[in-house]
1. Considering (1) modelled with pLDDT of 95 or more; (2) open to solvent by 100 Å² or more (accessible area, probe 1.4 Å), say which one Tyr64 fails and leave the rest.
2. Got a sec? Which of Ser17, Ser45 is assigned to a helix (DSSP H, G or I), at pLDDT 85 or above and hydroxyl-bearing (Ser, Thr, Tyr)?
3. Quick check on my filter: what residues within segment 88-122 are over 30 Å from Gln42 (Cβ atoms) and aliphatic (A, V, I, L, M)?
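The values are calculated or read from the model by the stated rules, or taken from the named source; none is laboratory data. All values derive from a computational prediction rather than experimental measurement. Counting neighbours? That spans all protein chains shown, and the Cβs are built from the backbone with ideal geometry, glycine included. Only protein heavy atoms, including side chains, enter the accessible area calculation; ligands, DNA and RNA are left aside. Shrake-Rupley method; radii C 1.70, N 1.55, O 1.52, S 1.80 Å.
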Amino acid sequence: MGVFSRIADIVSANLNSLLDKAEDPQKMVRLIIQEMEEGLVQERSNLARYLLEQKELERQLKRYADQAQEWQDKAQLALIKGRDDLARAALLEKAKLTEAQKALQEELGRVADGISKLGHEIQQLEAKLQDARARQQAMTLRSATADSRLQIQARSGGEVPRQMGDKFAQMERKISELEARADIYSQGNPSLEQQFAELAVDDAIEQELASLKARMTGSQVTGGENKHE
């Protein structure tokens with residue numbers, strides 16, 4: 001089923017609105033272009049038919065004009081010869097041709113109006129078609145650009161992060177090796193900080209031991225005095 005029901009719909013169509021509402025804008029613009037091209041072919045065919053009819057009417061008008069002039073000449077000859085009856089009959093034929101000329105002239109005017117209208121519609125259709133083709137080209141370009149970006153991103157998202165991940169893994173392995181070496185070294189050779197910490201602990205223990213001995217000695221002395229009393 002077509003987008004447009006008649007040529008006037010194409011001329012008055014709002015491409016922005018049609019494409020905005022379309023689920024698949026690229027498919028819609030292809031359909032629009034197809035119908036515009038078909039409409040343009042139809043309008044040009046109608047215009048050719050009108051132009052042919054215009055030429056035929058113009059030829060017929062010329063024949064009528066020539067025949068009317070012939071009857072005019074015959075009427076004059078009849079008068080010269082004193083034949084008023086023949087002159088009257090000739091003028092009657094001329095009048096018939098004049099009436100036919102008027103009818104043809106009116107028809108020619110209608111055909112000329114049709115030609116003007118069709119010419120205007122064809123110009124509008126051509127402009128619409130040019131616009132639609134430009135939009136289709138822009139869509140195609142945007143689609144190709146988007147595909148290129150996706151391909152670049154796919155390559156970047158696959159190869160580069162993988163390379164970076166490999167580098168990080170190597171660094172982590174090196175750090176793990178260094179830490180393992182430090183642990184092994186620290187087990188056999190205490191660090192300077194560890195040695196000072198051990199001295200501080202030893203000093204604190206010695207002080208606590210002396211304090212405990214003093215308390216115990218004092219307690220024993222007090223107990224002995226109480227026994228003597």
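1. Among (1) modelled with pLDDT of 95 or more; (2) open to solvent by 100 Å² or more (accessible area, probe 1.4 Å), the lone unmet condition for Tyr64 is (2).
2. Working: Ser17 fails: at pLDDT 85 or above.
Within the list Ser17, Ser45, the selection yields Ser45.
3. Step one: list which residues in segment 88-122 are over 30 Å from Gln42 (Cβ atoms), which gives 88-102.
The answer is Ala89, Ala90, Leu91, Leu92, Ala95, Leu97, Ala100.
Each row is one residue, and each column tells you yes or no for (1) surrounded by fewer than 14 Cβ atoms within 10 Å (Cβ to Cβ); (2) within 17 Å of Leu31 (Cα to Cα); (3) among the aliphatic types (A, V, I, L, M).
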| site | (1), (2), (3) |
| --- | --- |
| Lys102 | yes, no, no |
| Glu106 | yes, no, no |
| Gly109 | yes, no, no |
| Gln124 | no, no, no |
| Lys128 | no, yes, no |
| Arg135 | no, yes, no |
